[in-house]
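Novice: My structure is below; once you've seen it, I'll send some questions.
The values are calculated or read from the model by the stated rules, or taken from the named source; none is laboratory data. Just so you know, these numbers come straight off a predicted model, no measurement behind them. When we count neighbours, we look across all protein chains shown, and the Cβ atoms used for this are built from the backbone with ideal geometry, even at glycine. Remember, those area values only see protein heavy atoms, side chains included, never the ligands or the DNA or RNA. Shrake-Rupley method; radii C 1.70, N 1.55, O 1.52, S 1.80 Å.
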Amino acid sequence: MVDKSLELFDCGHRACGGCGPAIAARLILKGAGKDTIVVSSTGCMEVFSSPYPETAWKVPWIHSLFENAAAVASGVEASLKKQGRSEKVVIIGGDGATFDIGMLCISGAFERGHDFTYICYDNEAYMNTGIQRSGATPYAASTTTSPAGRCSTGNKRPKKDMPQILAAHGAPYVATASVSYPADFMQKVEKAVNTKGPCYIQVHAPCATGWGFEGNLTMKMGKLAVETGLCVLYEMVDGKVTRVKKVVRKPVEEYLSTQKRFRHLFKPARKDAEIAQIQAIADFNAEKYGIDIKLKKEPAK
Amino acid sequence: MALSVGCTARPGKSRSNRTGSWRVFRPVFKHDKCTKCGICALVCPEGCVEQSEDEFYEANYEFCKGCGLCSDECPAEDIEMEQEEK
Ligand SMILES: Cc1ncc(C[n+]2csc(CCOP(=O)(O)OP(=O)(O)O)c2C)c(N)n1
Ligand code: SF4
Ligand code: SF4
Ligand SMILES: [Mg+2]
């Protein structure tokens with residue numbers, strides 16, 4: 001059982017007010033428990049939690065480089081195994097670290113079958129270096145390396161399907177989560193650390209600074225991503241989807257129109273083609289994962 | 001500043017960095033409509049919402065950055081944001 005009152009990520013860290021990844025850090029440790037060793041990649045969470053010597057971590061924590069957290073964790077896990085110790089090894093990496101630069105180390109570590117849990121906190125860009133696009137940045141989002149303007153409507157490519165890639169490595173447990181559904185997220189972390197072998201959780205973590213919204217709206221933003229079908233919450237056991245969160249879907253506009261990174265889709269003129277393309281992504285997700293709750297009768301107008 | 005071997009640091013040493021000075025708005029926990037559900041404590045990115053002996057919740061103003069998430073998420077609407085006076 002997850003102990004909600006367990007606080008292993010302390011006050012005094014330097015994240016922006018309302019930071020989604022900071023909420024993720026707290027929830028991860030509540031789910032994983034005190035016998036955990038954390039390996040972090042370079043990125044916002046590492047930077048805001050560890051300016052020497054002011055660490056926010058109350059469990060053993062190690063950081064080496066941007067790209068090699070999975071390799072460092074492989075060594076930690078192999079050593080624990082040799083010593084006959086039972087601590088859980090949890091890797092926490094940003095989306096840039098996970099989807100892009102860390103791919104090689106991650107693929108190798110999953111192939112070797114280490115007993116660890118890899119958690120990617122997905123704020124959908126390289127935030128710590130000033131909002132550059134990553135393989136996790138959604139279609140049409142404006143970032144500093146995919147700026148919207150006269151010749152561009154923002155990021156050209158859709159988000160990479162990282163959970164499926166790791167499921168294809170034979171991971172025994174793969175799950176997606178969101179900081180906006182804390183109980184669900186903590187349970188998934190608990191399940192992953194208690195599953196033998198390399199497990200993967202991708203947690204959607206809205207970033208007020210990078211997406212352009214007020215910090216008091218972080219939880220609402222994450223909920224909207226789920227309620228529009230742009231972020232699907234599911235669990236996969238041995239490669240098969242076993243549980244999916246169903247929703248009464250809202251139009252994607254409700255999510256897009258509240259963030260500065262999508263403002264160019266509405267101003268100066270509405271870009272119907274791009275909005276329709278994003279709606280098509282949500283419709284595809286809904287169909288693929290069967291997330292729609294079918295209402296018995298049409299709601300009254 | 002001296003570095004220790006392996007760059008180790010005492011757990012939770014971040015508490016010596018008082019982030020409360022960042023605050024522009026202050027969450028005031030009214031304890032009026034509060035049902036003690038604890039959602040404020042769960043969602044606070046700082047982990048600075050504490051439960052007192054009477055089981056009501058309070059923000060620790062030494063660390064609260066005033067982001068307003070607790071106030072937005074409180075289902076009972078018991079937490080009000082007030083302009084900080086300095
Ligand atoms: C090899 C290498 N390249 C570039 C950097 C600079 N760098 C530090 S953090 C970062 C972005 C991290 O992005 P992400 O993993 O998404 O985490 P976030 O900051 O968004 O939380 C970059 C590019 C680095 N530290 N090392
Ligand atoms: S830039 Fe985003 S992810 Fe980084 S600390 Fe600020 S809110 Fe958190
Ligand atoms: S305003 Fe933000 S930092 Fe302060 S107690 Fe509420 S959630 Fe925590
Ligand atoms: Mg990122």
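Novice: In chain B, which strands (runs of 3 or more DSSP E) lie fully inside it and hold 2 or more residues that are buried (at least 18 other Cβ atoms within 10 Å of the Cβ)?
Specialist: Output list reads B:25-29, B:57-59.
Novice: Only one of these conditions is not met by A:Lys245: (1) open to solvent by less than 50 Å² (accessible area, probe 1.4 Å); (2) over 24 Å from A:Asn155 (Cα atoms); (3) within 18 Å of the chain's Cα centre (by Cα). Which number is it?
Specialist: Failing condition for A:Lys245: (1).
Novice: How about the stretch A:36-143: which strands (runs of 3 or more DSSP E) wholly inside it have at least 2 residues that are within 14 Å of another protein chain (Cβ to nearest Cβ) and buried (at least 24 other Cβ atoms within 10 Å of the Cβ)?
Specialist: Details: elements: A:36-40, A:61-63, A:88-94, A:117-122.
In the stretch A:36-143, the matching strands (runs of 3 or more DSSP E) lie at A:36-40.
Novice: Go through the residues of the stretch A:272-293 one by one and say whether even a single one is crowded, with 20+ Cβ neighbours inside 10 Å and outside any helix (DSSP H, G or I). Before you say what the answer is, go through the steps one by one.
Specialist: If we filter the stretch A:272-293 for residues that are crowded, with 20+ Cβ neighbours inside 10 Å, which is where we start, we get A:278, A:282, A:291.
Among the residues that remain, those that are also outside any helix (DSSP H, G or I) are: A:291.
Yes, some residue in the stretch A:272-293 is crowded, with 20+ Cβ neighbours inside 10 Å and outside any helix (DSSP H, G or I).
Novice: Further question: Checking the structure you have, find out if any residue of the stretch B:10-27 is more than 17 Å from A:Cys11 (Cα to Cα) and over 14 Å from the mean Cα position of the chain (by Cα).
Specialist: Scanning the stretch B:10-27 turns up no residue that is more than 17 Å from A:Cys11 (Cα to Cα) and over 14 Å from the mean Cα position of the chain (by Cα).
Novice: Looking only at residues in the stretch A:175-210 that are within 16 Å of ligand 4 (Cβ to nearest atom), within 14 Å of chain B (Cβ to nearest Cβ) and open to solvent by 10 Å² or more (accessible area, probe 1.4 Å), which one is nearest to A:Leu6 (Cα to Cα)?
Specialist: My answer is A:Cys207.
Novice: Looking at the stretch B:3-23, is at least one residue at pLDDT 95 or above and more than 25 Å from A:Glu54 (Cα to Cα)?
Specialist: No, that holds for no residue.
Novice: Given B:Cys48, B:Cys70, B:Cys34, which one is more than 8 Å from chain A (Cβ to nearest Cβ), closer than 13 Å to A:Gly18 by Cα and not small (Gly, Ala, Ser)?
Specialist: Answer to the selection: B:Cys70.
Novice: Let me confirm something: among A:Val244, A:Val189, A:Val193, which residue is in contact with a Gly (Cβ under 9 Å, 6 or more places away or on another chain) and either free of Cβ contacts under 8 Å to residues at least 40 places away in the same chain or more than 21 Å from A:Pro21 (Cβ to Cβ) (or both)?
Specialist: From the options A:Val244, A:Val189, A:Val193, the qualifying one is A:Val244.
Novice: Would you check which residues across the stretch A:144-167 are among the hydroxyl-bearing types (Ser, Thr, Tyr) and not in a loop (DSSP other than H, G, I, E, B) and list them?
Specialist: A:Ser146, A:Ser152
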